[in-house]
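Okay, structure first, notes after.
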Amino acid sequence: MVAFGARFTLIAHPEELSYVRLGAQEVVPEWALTDAPLVSVSATASETSVLCLTSAIPRDAVVRQQGPFHVFEVEGPLDFALTGLLSAIVAPLGEADVTVFTVSTFDTDWIMVPTYESARARELWARGGHIIKEKP
């Protein structure tokens, strides 16, 4: 369990990521599976979404795209029994009208904010007592 007011360490990655939308059951292109801090593939009956390096998306790719986003990794590994972790991290952003997306992996959580809001997100997190480290 996470106590109210818990503080976390966020690792800021320098790369910019974007979401691309592919058709249902469409094969994920090789360019999306690059050496990024995070690549995420989610599929439903109606779409396949890929979070990948913005710089890897070919200019002539015929895909819908959202981004770029800066990505912040919650320092982990995290225990699956933790509660309230994402709330503690994203609530200050929501209160300030900063758009936020999250992805969870087995070891940790990842927070994406639009690149143009990155400095503001950092300021809000610092004000809330969270620590931000730069990924070398």
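Looking at the stretch 87-96 only, could you name the residues that are surrounded by fewer than 17 Cβ atoms within 10 Å (Cβ to Cβ) and either at pLDDT below 95 or assigned to a helix (DSSP H, G or I) (or both)?
87, 91, 94, 95
Determine the pairs where a residue that is within 11 Å of residue 22 (Cα to Cα), located within the stretch 41-54, has a partner that is surrounded by fewer than 13 Cβ atoms within 10 Å (Cβ to Cβ) and polar (S, T, N, Q) with Cβ atoms under 6 Å apart, the partner being 6 or more residues away or on another chain.
Listed pairs, sorted by first residue: 49/42.
Is one or more of the residues making up the stretch 97-110 under 24 Å from residue 54 (Cα atoms), surrounded by fewer than 17 Cβ atoms within 10 Å (Cβ to Cβ) and among the aromatic types (Phe, Trp, Tyr)?
yes
Go over the candidates 127, 120, 64, 59 one by one and state the one that is surrounded by 14 or more Cβ atoms within 10 Å (Cβ to Cβ) and of a type in the set (D, E, K, R).
120
Here is a list of conditions, (1) under 19 Å from residue 132 (Cα atoms); (2) of a type outside the set (Val, Ile, Thr); (3) touching a helix residue (DSSP H, G or I) at 6+ places or on another chain (Cβ under 8 Å), and residue 68 meets all of them except one; can you say which number that is?
Only one criterion is unmet by residue 68, namely (1).
The values are calculated or read from the model by the stated rules, or taken from the named source; none is laboratory data. Note that this is a predicted model, so its numbers are computed, not measured. Please note: Cβ atoms are built from the backbone with ideal geometry, for glycine as well, and neighbour counts cover all protein chains shown.
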